[in-house]
Amino acid sequence: MLRKLSIVAFAAALVAAPLPVLAQSKKDSVVMGMTLEPPGLDPTNAAAAAIAEVTLYNIYETLTKINEDGSVAPLLAESWTASPDLKTYTFKLRKGVKFHNGEPFNSAAVKFSFERNAAATSTNKDKSLFQAFERVETPDADTVVISVKYSEPNLPFLLGQASGSIVEPKSAATNVTQPVGTGPYQLGAWAKGSSITLNKWADYRNAAAIKLSKVTIRFISDPAAQAAALLSNDVDAFPRIATRVVAQFKADPRFTVLIGGSRAKTIVAINHRKKPLDDVRVRRAILAAIDRKALIDGAVEGFGTPIGSFYTPGSLGYVDTTGVNPFDPEKAKKLLTEAGVTAPVELSLKLPPPPYARQGGEIVAAQLAKVGIVAKIENVEWAQWLSQVFAPNGPHNFDLTIVSHVEPFDLVKITEPDYYLGYNNEAFNALYKQIVSTPDEAARAKLLGDAQRMLATDAVSAYLFQPQWPTVINKKLKGVWKEVPQFENDFSTWSWE
């Protein structure tokens, strides 16, 4: 009897215990999955989008911030004004900001960052943008005046990209492995091949608004493993997850599935430096052999909109050029004959790791085979792809490759003489100069339409689709973006309900 009374008394004591003793504190950490591991942590010296996915707005900040809807807001710059001809921008900087190493943020750091990006030795993916700056002036510590050689209505947007990250001069040389920025997070640990941990920076200027004290980013490239990590609660969120696994999460009440739009362009890039690919008839034959709809259905489970040039629906001056090079296998065979090319034509097809490239490559190779083009698939890791295929100074060791260009407003890339495609068309370059020297929006839109038609007619690449990016998250996780104006994961907006 005494034992029973003791048990009852103990249970009553538990019920009566103050709530703070029993209540669990709100979760303040998150584990996110990513398909690719970044090759380094300096977004100003390499093109890999995975760098921005880890660092942008988290470790580093930019003068402006690109919001989920694509609009531009102040970040390190409190405000800005533009001259009527859109060639001169004056930025007023946020005061009292410091870098992780204690150094002050000021106009000198901005000038250093932008001039470093424009240097002859720079490997910044948007080097041409910064080289178009005629002057970067610093009238005082809190003001930066940028004079551009041409009208650039998109400059506030462009400076919100990872390539515009402001770095601290003394630490810039070691940012690849020891990143120093002004953002709300610092690098905690990097287990190469496995994960990166970011820790909240206690001295951030608005630290109280940052809800997550730790973010762990795990690198999981295999689609099945991505799904398994979510289902086992090893991962709380997986932005831009492999499309083939999305369906199983839509009916699962534990998860939220977000399907976001993008300004990305998935293409079969063609190396114009290689014969017979320097012949427009051969390039058109490649395009005519590809069934975009079948590829979108097979490679990304329908998560894409067909495109016909290096430009996406929803952008200023967009025109539908998918009809310029329609799917027509018989025409493809005739074009090869006209070009004097004897089948089978053997070409290399180098594929980076993302599922859209690996799955899409199998489909493209099968379609090309039907018209007498043998595409020999070679799967390469991301670092190999960047060095062998994409690197500005070569060796451009490829015939064909599949990649998604995720940056908006990057038509300028086509004009760069060392760009990996090797197009180098003076007529297109002149047209682009006309575009950027035209501040009137309606006139610029018309010229942009002309540029799209030229790229399609010249079959510069096999333009495939504008992707939609699915994200799967724990339903209790809030603040994760649905739309994808650029590749980023802004952890300052994330929290648990």
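Derivation of every value follows stated rules applied to the coordinates shown; laboratory data play no part. The structure displayed is predicted, hence computed values, not measured ones. Positions of Cβ are backbone-derived with ideal geometry, glycine not excepted, and every protein chain shown enters the neighbour counts.
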Checklist line | Space enclosed by the convex hull of the alpha-carbon atoms of region 143-214, per residue, Å³ | finding: 166
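Full-extension gain between residue 103 and residue 154, please, as 0.36 nm times their residue separation minus the C-alpha to C-alpha distance. Please list the in-between numbers first.
Details: separation 51, 0.36 × 51 = 18.36 nm, distance 3.01 nm.
15.3 nm is the gain from fully extending residue 103 to residue 154.
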Note to self: Taking a ≥ b ≥ c as the square roots of the Cα gyration tensor eigenvalues, with a/c under 1.5 meaning rounded and otherwise prolate when a/b beats b/c, else oblate, which class fits region 79-165?
What the structure shows: oblate
Margin query: For the pair residue 376/residue 28, report the inter-label distance in nm, with labels modelled 7 Å from Cα in the Cβ direction.
Written below: 5.7
Note to self: So if I place +1 on the C-beta of Lys and Arg and -1 on the C-beta of Asp and Glu, and nothing else carries charge, what would the dipole magnitude of region 110-174 be about its Cα centre? I want it in debye, nearest 20.
What the structure shows: 280
Item checked: Extension gain from residue 189 to residue 232, taking 0.36 nm per residue of separation minus the Cα-Cα distance -> 13.1 nm
Notebook entry, point to check: If all Cα-Cα distances of region 54-108 are sorted into 5 Å bins from 0 onward, what percent lands in each bin, rounded to whole numbers?
Noted result: 4, 16, 23, 24, 17, 10, 4, 1
Next item on the list: Work out how far the C-alpha atoms of region 249-339 reach from end to end along every principal axis, then list the three figures in whole Å, largest first.
Entry: 57, 30, 24
Check: Once fully extended, how much extra length lies between residue 305 and residue 248, figured as 0.36 nm per residue of separation less the alpha-carbon to alpha-carbon distance?
Finding: 18.3 nm
Check: Of 305, 146, 287, whose Cα points farthest to the positive end of the dipole of the chain (charges on the beta-carbon: +1 Lys, Arg; -1 Asp, Glu; origin at the Cα centre)?
Finding: 305
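Just the number: Rg to Rh for region 27-132, Cα atoms, Kirkwood Rh, two decimals. Walk me through the numbers before you get to the answer.
Values: Rg = 15.6 Å, Rh = 15.9 Å.
That ratio is 0.98, to two decimals.
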Next item on the list: Take residue 83, project a point 7 Å from its Cα along the Cβ direction, then tell me which residues of region 108-133 have their backbone nitrogen under 18 Å from it.
Entry: 130-133
Notebook entry, point to check: For region 39-195, what log10 I(q)/I(0) values come out of the Debye formula at q = 0.12, 0.13, 0.14, 0.15 1/Å, with one point per alpha carbon and no solvent?
Noted result: -0.47, -0.55, -0.64, -0.74
Checklist line | Whole-Å semi-axes of the ellipsoid equivalent to the chain (Cα gyration tensor, √5λ, descending) | finding: 43, 32, 19
Next item on the list: Write down the percent of antiparallel bridges among all DSSP beta bridges whose residues are both part of the chain, to the nearest 5.
Entry: 75
Check: At q = 0.14, 0.15, 0.21 Å⁻¹, what log₁₀ I(q)/I(0) does a Debye calculation on the Cα points of region 229-384 give, no solvent, two decimals?
Finding: -0.80, -0.90, -1.42
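Which of the GluC sites (Glu not before Pro) found in region 32-138 are in a DSSP loop and have at most 12 neighbouring Cβ atoms, other than their own, within 10 Å? Provide the component values of the computation, followed by the final result.
Working: sites: 53, 61, 68, 78, 115, 134, 137; in loops: 61, 68.
Qualifying residues, ordered by number: none.
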